[in-house]
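A short reminder: the numbers here are calculations on the coordinates, not readings from a lab. A quick note: this is a predicted structure, and the numbers were derived from the prediction, not measured. Reconstructed Cβ throughout: ideal geometry from the backbone, glycine too, with neighbour counts over all protein chains shown.
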Amino acid sequence: MIDMSPNVVLVVVVGVLVACGVYLLLERSLTRVLVGTVLLGNAVNLLVLVAGGAAGRPPITGLRPEGVTSDPLPQAMVLTAIVITLALTAFLLAMAYRSWQLHRHDEVQDDVEDRRIARLAAIDERAFTDTDTEAGGRTLAEEAAETHDETERGQP
Amino acid sequence: MTDWAWLVPLPVLLPLAGAGLTLALYRRPRIQRVVSVAVLAVVLVVSAALVVLADDGPLVVDIGGWAAPVGIDLVADRLAALMLAVSSAVTLCVLVYSLAQGQTEGEESAPVSIYHPTYLVLAAGVADAFLSGDLFNLYVGFEILLVASYVLITLSGSAERIRAGTVYVVVALLSSVLFLVAIGGVYAATGTVNMAQLALRLPEVDPGVRLVLQVMLITAFAIKAAVFPLSAWLPDSYPTAPAPVTAVFAGLLTKVGVYAIIRTQSLLFPEGRLDDVLLWAALATMVVGILGAVAQDDVKRLLSFTLVSHIGYMVFGIALASDGGWTAAVYYVVHHITVQTALFLVVGLVERVGGTTSLDRLGGLARIAPVLAVLFFVPAMNLAGIPPLSGFLGKLGLLQAGVQDGSWLAWTLVVGSVVTSLLTLYALVKAWNKAFWQTPPQEVAPQRLPLGMVGPAAALVVLGLGLTVAAGPLFAYTERAAVALQDRARYVEAVLPDGLRGTGESVDVATEGTDG
């Protein structure tokens, strides 16, 4: 049976890292978001490591003296996750830099089209007009009356 | 059957090798094109073969000869093979489309030299996610396709795309982090990330812990699949990308999320404790999504909202968790991939002819480009579910499954999906009328449409019609896939023949040493 009771220090560190990561992720500046994701990524890596159970000897067969080895699988997974986080950090950095190049700041912009639709809804007007929508100023009642006339033509 | 197992890794390996090759050949765009098209064509043939082969039972490969629970395995069962075949058909069509776009509009608008390698990496990631029989490898597959999609969505780095890309990247990152946390939890609870072994071990885990794990996995996948209320990122980010990129994203990326939800719900957590929550989520996704679509007057955004809305149908089928539900959901996924991609490709052409995608400024295109009017109309009606097209058949299957279920919640969903279908029809007919029939606000000069762009778009439209013609066999196939989804023992046995280990070389080592 593997000792699965987690190391309290690691668990607390994971908690603190996640808290800081989430806080930074909610910021508007992309650089802070970037730092947030890095913290969050590291927190999760630690978490997966904790999930592998207590630490032990290197997981190499034939090592003397024999003892309880640590679980190599989470370590392999964390290694993969670290590489992925690195790549994403690089990409986010590039994006933050590009944003700074374009706007001289790296804040996440609002969606303009979304705002426009919301404004349109607030104004509550017809979005566009063309020849079909403009019926020459006559009301429906007038048109109906004209149509009605034709059927009554036969009467005195 | 096992003789053909070597085919299984090819849909992942070939695009990755092709990506390397095209990156090395970045100075020779012509060879790049030939390589990409050849690679994706071969992948299409391979995955079509897999569809036939997987009908006899799942094909399993333990990668590198490492036996399954510790080593990574790829599994091609009916569902995975079917998804793979449809997605490779779509990726190939979109690639050909983007090549023609690049040739006629120059380097500026679409293919830059980085486009081909990234696109192939995306195809590899999608294939890896579909074939993975291992939760962590599924994560890796997701990351591969996401990283490729980050590059594609910010292609050329204009201000608008960087803005959209930021939202997209951060949300995708968040869902990946959630997924990874869930994997950590799953590993701590069961000591494995192999899906077949998880299917064996999860029932022994404490029900509370199991529910937490299920909720976390479903939440992570629901962000990727854009299920309401986790869908707001999609209509915000997709429309700004180049037309072919939007098309392939709309067709594939959300469906990978849906596929992951199907796998989680069928293989890992078959007791269905989240089904009611998922039904509500499906209803909200359908209705809120389509109401969003009705309000838009940009075609691309409108289609993005219908995309969100129709994810609801698939979740509806999944949450019913009955034979009929799974069958219809899988059929609907296949139908939706082709139709939604076709629509986005056609909108790319509309943008090319009309110079804009805003419905206020488009008009009278039916006279200038009648072919385009037909090409938009057919998949639009298909999406709305007009009989006898495949959208109607998929929705009919879902409605039948809902009625069979008989609970009041299922009936609510049945009503909700009919209303959504009507609103889809309204939104799309409005879009079609405005783009093709209304008096053009400004005169548009007629221009010849490049055959290389119309061809693939038309091919996808025809493929969508083909799904109607071949609905009988296809529905039979998805029904067998649905039965296979519920027959978990068969899947587990294919991966772990003796219930403990896969068929790799490390079996011998394991029997000698102690089993960790």
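Things to note:
- The translational diffusion coefficient of segment B:35-175, from Stokes-Einstein at 20 °C and 1.002 mPa s with a Kirkwood hydrodynamic radius over alpha carbon pairs, comes to 130 µm²/s.
- Exposed-loop-free span, longest in chain B, where trypsin sites (Lys or Arg not before Pro) count as exposed if DSSP calls them loop and at most 14 other C-beta atoms lie within 10 Å: B:28-272
- Computed from label points 7 Å out along Cα-Cβ, the spacing between A:Asp124 and A:Gln109 is 3.2 nm.
- Given chain B, longest segment not containing exposed loop GluC sites (Glu not before Pro) (DSSP; at most 10 other Cβ within 10 Å): B:109-442
- Charged neighbours of B:Ala484, selected by a Cβ distance under 15 Å, balance to -2 (K, R count +1; D, E count -1).
- Considering only the Cα atoms of segment B:140-242, their convex hull presents on average a projected area of 6.9 nm².
- The string of couplings for segment B:36-41 from the Karplus curve (6.51, -1.76, 1.60, θ = phi - 60°) is 4, 5, 4, 4, 5, 5 Hz, one whole number per residue in order, with x for Gly and Pro.
- Per residue, chain B reaches -24000 deg cm²/dmol at 222 nm when only DSSP H runs of four or more residues are counted, each adding -39500 (n - 2.57).
- Global form of segment B:274-469, assessed from the alpha-carbon gyration tensor, a/c cut-off 1.5: prolate
- Cα-based reach from B:Lys430 at 25 Å (exclusive), listing lysines while leaving out same-chain residues under 8 positions away: B:Lys300, B:Lys395
- Using bins of 10 Å that start at zero, the share of Cα-Cα pairs per bin across segment A:8-112 amounts to 14, 33, 26, 16, 8, 3, 0, in whole %.
- Over the C-alpha atoms of chain B, the Rg to Rh ratio, Rh being the Kirkwood estimate, stands at 0.96.
- Cα centroid separation, segment B:11-30 to segment B:50-82 (Å): 25 Å
- Neighbour cut-off at most 10 other Cβ (10 Å), DSSP loop, chymotrypsin sites (Phe, Trp or Tyr not before Pro), segment A:30-124: none
- Charged-residue dipole, Cβ positions (Lys, Arg, Asp, Glu), segment B:346-438 about Cα centre, Debye nearest 20: 300 debye
- Part-to-part distance (alpha-carbon centres) for segment B:279-321 and segment B:391-420, which is given in Å: 15 Å
- Within the protein assembly as shown, all pairs of alpha-carbon atoms sorted by distance into 20 Å bins from zero give the percentages 18, 51, 25, 5, 1, 0, 0.
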